[in-house]
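The values are calculated or read from the model by the stated rules, or taken from the named source; none is laboratory data. The structure displayed is predicted, hence computed values, not measured ones. Virtual Cβ from ideal backbone geometry, glycine too; neighbours counted across all protein chains shown.
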Amino acid sequence: MTRTRPMQPLVAGNWKMNPTARSDALMLARAAAATAARHQAVTTVICPPTVFLAEVAAEVGPSRLAVGAQTMAAEERGAFTGETSPLMLAGLAGFVIVGHSERRANDGETDEGVAAKVASAVAHGIRPIAAIGERIEERRAGRTEEVVDRQLHAAVSRLEAIHGSGLVIAYEPVWAIGSGEAASPADAQVVAARIRELLGTVDADAAPQVPILYGGSVTGDNARAFFDCPDIDGALVGGGSLDAASFEAIVAAAEAAAAHRRTPSAEATRS
Ligand code: 13P
């Protein structure tokens, strides 16, 4: 069955705890804004550290570049030391990464917490990028599907509907993150297809339109092979988003893949 793709491929840069200097963050943001302007067929997002979010948003202004947060609290206010309220992010961040494996591993983020955050983000008009993926020992034990199923079901469990939620799913096998060892596009496609199938059991009409991203050691060199997979609509990029040229190469690859899909015959002689 052929599916209608989401309107645009989506490439999001997760800067994690980088860069440490404000001036470097603003420089990187300006470069990403230029990239987004040059590749308007791609939804380009950067997720800077929270402390830089407001200044980065002001720096890029109303541009083609969207700004996202790396996490947020599900609650609106109160005694949550160190946390950021969705009310503080609304109007500043169009997206928020939820359930990143680093937060699951280091900060006690649970499936239940992810469910609450996804629902809260949607309720506040912020598009959640829900990150899911198996650890190496789970993959080796043949448990990838079980883990992904569990995390995905949890992530959407408190949504009233997927349609209109703006939900984005990022499949990030934990072992591929920052390792320089990306999943094979074929393996990533198998999991992405599974994710879409599961989304279809929740909302058959909306599932084809949910952007599913691959994340884990994406580079300018390997990105295109992921974007050519039928169920992969973009990337969540860590290290590769900290270098302006490599981020641009990944965004350009997404644009080229989308153009190729629109006019396959025109590029048939490419290879
Ligand atoms: P790397 O691209 O550095 O592997 O990180 C991926 C990631 O965790 C994005 O959220």
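Observations
- Filter result for the condition that a residue is away from the ligand (no atom under 16 Å from the Cβ), of a type in the set (Gly, Ala, Ser), under 24 Å from residue 86 (Cα atoms) and assigned to a helix (DSSP H, G or I), over 186, 161, 116: 116
- Annotation note: of 32, 66, the sole residue that is modelled with pLDDT of 95 or more, aliphatic (A, V, I, L, M) and in a helix (DSSP H, G or I) is 32.
- Residues that are among the small types (Gly, Ala, Ser) and assigned to a helix (DSSP H, G or I), drawn from the range 189-207: 192, 193, 200, 207
- Filtering the range 35-59 to residues that are farther than 26 Å from residue 232 by Cβ, free of Cβ contacts under 8 Å to residues at least 40 places away in the same chain and in a helix (DSSP H, G or I) leaves 50, 51, 52, 54, 55, 56, 57, 58, 59.
- Checking 147, 122, 156 one by one, the residue that is among the aliphatic types (A, V, I, L, M), over 18 Å from the mean Cα position of the chain (by Cα) and away from the ligand (no atom under 16 Å from the Cβ) is 147 and no other.
- Within the range 1-27, tally of residues that are within 15 Å of the ligand (Cβ to nearest atom), over 16 Å from the mean Cα position of the chain (by Cα) and touching a residue at least 40 places away in the same chain (Cβ under 8 Å): 2
- Matching residues in the range 196-222 - criterion: being touching a residue at least 40 places away in the same chain (Cβ under 8 Å) and within 16 Å of the ligand (Cβ to nearest atom): 211, 212, 213, 214, 215, 216, 217, 222
- Hey, residue 177 more than 15 Å from the ligand (Cβ to nearest atom), in contact with a helix residue (DSSP H, G or I) (Cβ under 9 Å, 6 or more places away or on another chain) and closer than 25 Å to residue 69 by Cα or not: no
- Taking the criterion of being closer than 16 Å to residue 155 by Cα and touching a helix residue (DSSP H, G or I) at 6+ places or on another chain (Cβ under 6 Å), the residues of the range 77-104 that qualify are 96, 98, 99, 101.
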